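Nothing in this text is a laboratory measurement; each read-out follows from the coordinates by a stated rule. Computed from a prediction, not measured in an experiment: that's the story for all the values here. Neighbour counts run over all protein chains shown; Cβ positions are idealised from the backbone, glycine included.
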Ligand SMILES: [Ca+2]
Ligand SMILES: [Ca+2]
């Protein structure tokens, strides 16, 4: 399988600009063969403004961006894409729109069968995985399923957040939420990607990149910490290793 | 409509014990006519432990608790209940179980037609409203709908949280999440109940109780702050005043 994925935790790192913290990885990932990237802005309400932001940033990195919301046929746009980037926002809105536009299977096919490189950020990373069961977003709309594009057989929790020992807030911590997911039967691994980190997948090899550690949750086992450079290829073989 | 509701933001306030911060309101609400309360523990995985916690607390306030998970027929248990309390945990798991057990309409009928007093806390407050679109919880399971019991025609966001100016985390603030909900068409009001606050509904009168302000989001208007004692009866007339 010549699958190629760049799954980024967050679009903007505190103090930086849009996609600044991963721009070198973006250039390494799309390389010089890809000239135009298809941008999918469905996670945000103002698609025009979002597309403008993406176009400016990718232009500065040497890529032209076409936004799918300006295409006559979104399905055709995916069929012709040299590369795909799905941006962050609300994961429920994003996934529902992908289903409404019949794009879930189309993107899956292009990436897994044709090897089209796929980049996701935040919500765009959630929908690349097996399901959006571990999104942080509010369920503002009801998608026809929580199953998503399924480019990898596990879940990711983007913007992974450590508990704040000083907080007096009594809502569940992120870790508690993921452990609740694992109380359900047959639930796959969850890779908690802290802001600043990203997972790159080249075929059957998965590697952690960026500046922060990732936290891996395997159902029924204690969570483990992994440093940038860590090899996560085993997650690609089976959703519950 | 002789509807009676006590909708609490949070089960435990920082530094206190389970339901300590609202125990006077619980006694005022269930009063002396109710002797036994039906507890619904579906939001947490360990129902036995959860029922034990609830039984102990309500016993100390003078009420016996029957947990629905120990009943031969959950539907019959609701039909016979003198009072109902749904506890917090994961809202998606809770709502899915209510649907799986055919309890959504049954509870609605008992509360709206028979005047059975209903108390909810956190997830139990979310499911009392028109939908769970404004829960904070992770979608660990997929309920057949986000529509919920519908005892009031608006949404509540429990554990409402103000932005933390010192945080470097780039995930959406709570307010940003609710504003994203209101970008969707025909979305009802959202009452943000901070920890420490609760809404009591007696027929067509709704009043804020507790120790913290609530923040009200009306689609297309600036959010407003309301102090304990505030009259929210207007929210009962129409979901979008
Ligand atoms: Ca988001
Ligand atoms: Ca919860």
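Extending 7 Å from the Cα toward the beta-carbon at both residue B:173 and residue A:184 defines two label points whose distance is 3.1 nm. Only Cα pairs under 8 Å and 6+ residues apart enter the sum, and on that basis the relative contact order of chain A stands at 21 percent.
Peptides A:130-138, A:100-108, B:1-9, A:56-64 ranked from most to least packed, by the mean per-residue count of other Cβ atoms within 10 Å: A:130-138, B:1-9, A:100-108, A:56-64. For residue A:32, inter-copy separations between label points set 7 Å beyond Cα along the Cβ vector come to 8.8 nm, shortest first. Rounding to the nearest 10 and keeping the result within 0 to 90°, find how far the Cα-based axis of helix B:104-114 lies from the longest principal axis of chain B. The answer is roughly 80 degrees.
Of all chain A residues, the closest to the A-onto-B rotation axis by Cβ, with that distance in whole Å, is A:139, 3. Between copies, the label points at residue B:185 (set 7 angstrom from Cα along Cα-to-Cβ) are spaced 4.1 nm, reported in nanometres from shortest to longest. The label point for residue A:109 and the one for residue A:46, both projected 7 Å from the Cα toward the Cβ, are 3.6 nm apart.
For the range A:51-120, just say rounded, prolate or oblate: build the C-alpha gyration tensor, square-root its eigenvalues into a ≥ b ≥ c, call rounded for a/c under 1.5, and beyond that prolate if a/b exceeds b/c, oblate if not.
Because a/c hits 1.5 or more and a/b fails to exceed b/c, the range A:51-120 counts as oblate.
Given the protein assembly as shown, what percent of its DSSP beta bridges are antiparallel, to the nearest 5?
In the protein assembly as shown, approximately 55 percent of DSSP beta bridges are antiparallel ones.
Taking every alpha-carbon pair under 8 Å whose residues sit at least 6 apart, the range B:64-190 reaches a relative contact order of 23 percent. The convex hull defined by the C-alpha atoms of the range B:126-182 has an orientation-averaged projected area of 4.6 nm².
With the cut-off at 1.5 for a/c, could you classify the range A:6-135 from its C-alpha gyration tensor as rounded, prolate or oblate? Rounded is the answer for the range A:6-135, as its axis ratio a/c remains below 1.5. A helix-only calculation puts chain B at -8000 deg cm²/dmol for mean residue ellipticity at 222 nm, using -39500 (n - 2.57) for each DSSP H run of at least four residues, averaged over all residues.
Averaged over the residues of peptide A:170-177, the number of Cβ atoms from other protein chains lying within 10 Å of each residue's Cβ is 5. Given R0 = 56 Å, the distance between the Cβ atoms of residue B:56 and residue B:164 translates into a calculated FRET efficiency of 0.95.
Take each residue of peptide A:128-138, count the partner chain Cβ atoms within 10 Å of its Cβ, and average: the result is 4. To the nearest ten degrees, helix B:47-60 and the longest principal axis of the Cα atoms of chain B are 80 degrees apart. Distances between equivalent label points of residue A:228 across the copies, with each point positioned 7 Å along Cα→Cβ, amount to 4.8 nm, shortest listed first. Based on the alpha-carbon gyration tensor of chain A and its eigenvalue square roots a ≥ b ≥ c, which shape applies: rounded if a/c is under 1.5, prolate if not and a/b is larger than b/c, or oblate? Here chain A falls in the rounded category.
Packing here is the average count of other Cβ atoms within 10 Å per residue, and on that basis the peptides A:187-193, B:146-152, highest first, run A:187-193, B:146-152. Placing R0 at 22 angstrom, the Cβ-Cβ distance between residue A:24 and residue A:224 gives a FRET efficiency of 0.20 after rounding to 0.05.
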